[in-house]
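Asks: Here it is, the structure in full.
The values are calculated or read from the model by the stated rules, or taken from the named source; none is laboratory data. Model, not experiment: these values are computed from the prediction. Here Cβ is always computed from backbone atoms with ideal geometry, including for glycine, and neighbour counts include all displayed protein chains. Just so you know, the surface numbers come from the protein's heavy atoms only, side chains and all, with ligands and any DNA or RNA stripped out. Shrake-Rupley method; radii C 1.70, N 1.55, O 1.52, S 1.80 Å.
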Amino acid sequence: MIRAAVVTISDSAVAGFREDRSGPAIKARLAELNWTVTETCLVEDTVESIAVVLSALADRGTLDVVLTTGGTGV
């Protein structure tokens, strides 16, 4: 079993102006592959916010992969 987290990077979704459709779509596809999505989250599109979330997920040691979607690039 592969354990995954899905992180959507989007200022507008965090603010509630836009629905996050890519995160749920990725989660649904991973379920079709029999992966377990243990966490999904929204994060603002800033280097600092992204770094905090990704570091926290990686440091847990309970995930095999962290997938990100959205954002304007690193």
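Asks: Of all residues in segment 29-50, which are open to solvent by 50 Å² or more (accessible area, probe 1.4 Å) and among the hydrophobic types (A, V, I, L, M, F, W, C)?
Replies: Ala31, Leu33, Trp35, Leu42, Val47, listed by residue number.
Asks: So is Asp59 in contact (Cβ under 8 Å) with a residue 40 or more places away in the chain, acidic (Asp, Glu) and open to solvent by 50 Å² or more (accessible area, probe 1.4 Å) or not?
Replies: no
Asks: Working only within segment 26-51, note down all residues that are within 12 Å of Val7 (Cα to Cα) and among the hydrophobic types (A, V, I, L, M, F, W, C).
Replies: The answer is Ile26, Val37, Cys41, Leu42, Val43, Ile50, Ala51.
Asks: Being among the hydroxyl-bearing types (Ser, Thr, Tyr), touching a Lys or Arg at 6+ places or on another chain (Cβ under 8 Å) and surrounded by fewer than 17 Cβ atoms within 10 Å (Cβ to Cβ), is that true of even one residue in segment 8-22?
Replies: Looking for residues that are among the hydroxyl-bearing types (Ser, Thr, Tyr), touching a Lys or Arg at 6+ places or on another chain (Cβ under 8 Å) and surrounded by fewer than 17 Cβ atoms within 10 Å (Cβ to Cβ), one finds at least one in segment 8-22, hence yes.
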